[in-house]
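One structure below.
The values are calculated or read from the model by the stated rules, or taken from the named source; none is laboratory data. The model shown is predicted, which means the values in this text are computed figures rather than measured ones. As a convention, Cβ positions derive from the backbone with ideal geometry for all residues, glycine included, and neighbour counts pool all protein chains shown. Quick note on the areas: whole protein, heavy atoms, side chains included, nothing else; ligands and nucleic acids left out. Shrake-Rupley method; radii C 1.70, N 1.55, O 1.52, S 1.80 Å.
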Amino acid sequence: MNRYTKGSAVTEILLIVLAAIFLIPIYYLIITTFKTPADAVSHPMGLPVNITFDNYVRAFKAMNYFHVLGNNLLITIFSVAGIVMFSAMAAYSLVRRTNHFNRLVFLLFMVGMMVPYQMGILALYKQVSQLGLMNSHTGVILIEICYNLPLSIFLIKSFIGATVPLELEEAAKVDGCGVWRTFLQIVFPLLMPVIATVAIVNTLGVWNDFMTPLLFLQSRSKGVLLLEVFRNIGQFSTDWTNFFPMMLLAVAPLILFYIFMQKYIINGITSGSLKG
């Protein structure tokens, strides 16, 4: 039977206070989106005197919201699909073919986790330009896939080595399955917990990536949400009642994504902690 002690009560109160402190900026951001500029200046932390939705209407128009949202979805969906597909195939090969060459390839992938992305920007910019992929979604998607492969391969390789029994694949081989069919029909369904984790982590990373679209998408018609938020910041001053709705609109799809996927996030973390 659990005992509710004084220590537990004090801890609970401290946690509530800490949570309230963290919620203050979010509260300020949300209420400001419903205020007029004068109301926001005179009562920054108070509730709106007259609730207005004009800030959201202006934000929709200034950002060309649905167009850039479509660009964001296009880049994120194709990038995450590519990351999951290529990292799962590479990890399966690396964990089942333990020769010197594969060990060297795995080490090269791990180096990709240690070298900061910014160190290769100049060389990457030159390569993308030479390939004719500058100012194209294809170029950004390929960069996102390549940049996020090492961590995904590491996670999936560790999961396969720890949880997928080799006997299953040997039984499939006896039944006449080739390597490709064994991977797709036997191994890949068993990887769903780590695949969900990889997909969620990379979705958050690709969606919030600001630098890659900034450097490789010059045309505004091909921009993404964060670029539009950045472009609407004034050079010398910022109207926060216009800026905060843009920020909320930019993160709203991610919040919805997290709400629908939180079960898989928790399952992925739990699975990794028990079986990794």
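Values for this structure:
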{"read-out": "In the range 96-128, the residues that are farther than 22 Å from residue 206 by Cβ and of a type in the set (S, T, N, Q)", "value": "98, 99, 102"}
{"read-out": "Top-ranked residue in the range 6-34 [being of a type outside the set (A, V, I, L, M) and in contact (Cβ under 8 Å) with a residue 40 or more places away in the chain; ranked as nearest to residue 250 (Cα to Cα)]", "value": "33"}
{"read-out": "Per-region count, the range 190-202, residues out of contact with any Ser or Thr (no Cβ under 6 Å at 6 or more places or on another chain), under 27 Å from residue 255 (Cα atoms) and part of a helix (DSSP H, G or I)", "value": "9"}
{"read-out": "Extreme residue, most open to solvent (accessible area, probe 1.4 Å), among residues of the range 180-205 that are of a type in the set (Ser, Thr, Tyr) and closer than 14 Å to residue 152 by Cα", "value": "197"}
{"read-out": "Filter result for the condition that a residue is at positive phi and open to solvent by 70 Å² or more (accessible area, probe 1.4 Å), over 50, 64", "value": "64"}
{"read-out": "Criterion: farther than 30 Å from residue 188 by Cβ, touching a Pro at 6+ places or on another chain (Cβ under 7 Å) and of a type in the set (A, V, I, L, M) - qualifying residue of 59, 20", "value": "59"}
{"read-out": "Selected residue (only one of 113, 45, 85 is without any contact (Cβ under 8 Å) to a residue 24 or more places away in the chain and within 18 Å of the chain's Cα centre (by Cα))", "value": "85"}
{"read-out": "Spans of helices (runs of 4 or more DSSP H) in the range 1-100 with at least 3 residues under 24 Å from residue 222 (Cβ atoms)", "value": "54-63, 65-96"}
{"read-out": "In the range 138-175, residue farthest from the chain's Cα centre (by Cα) [restricted to those that are without any contact (Cβ under 8 Å) to a residue 24 or more places away in the chain and open to solvent by less than 60 Å² (accessible area, probe 1.4 Å)]", "value": "171"}
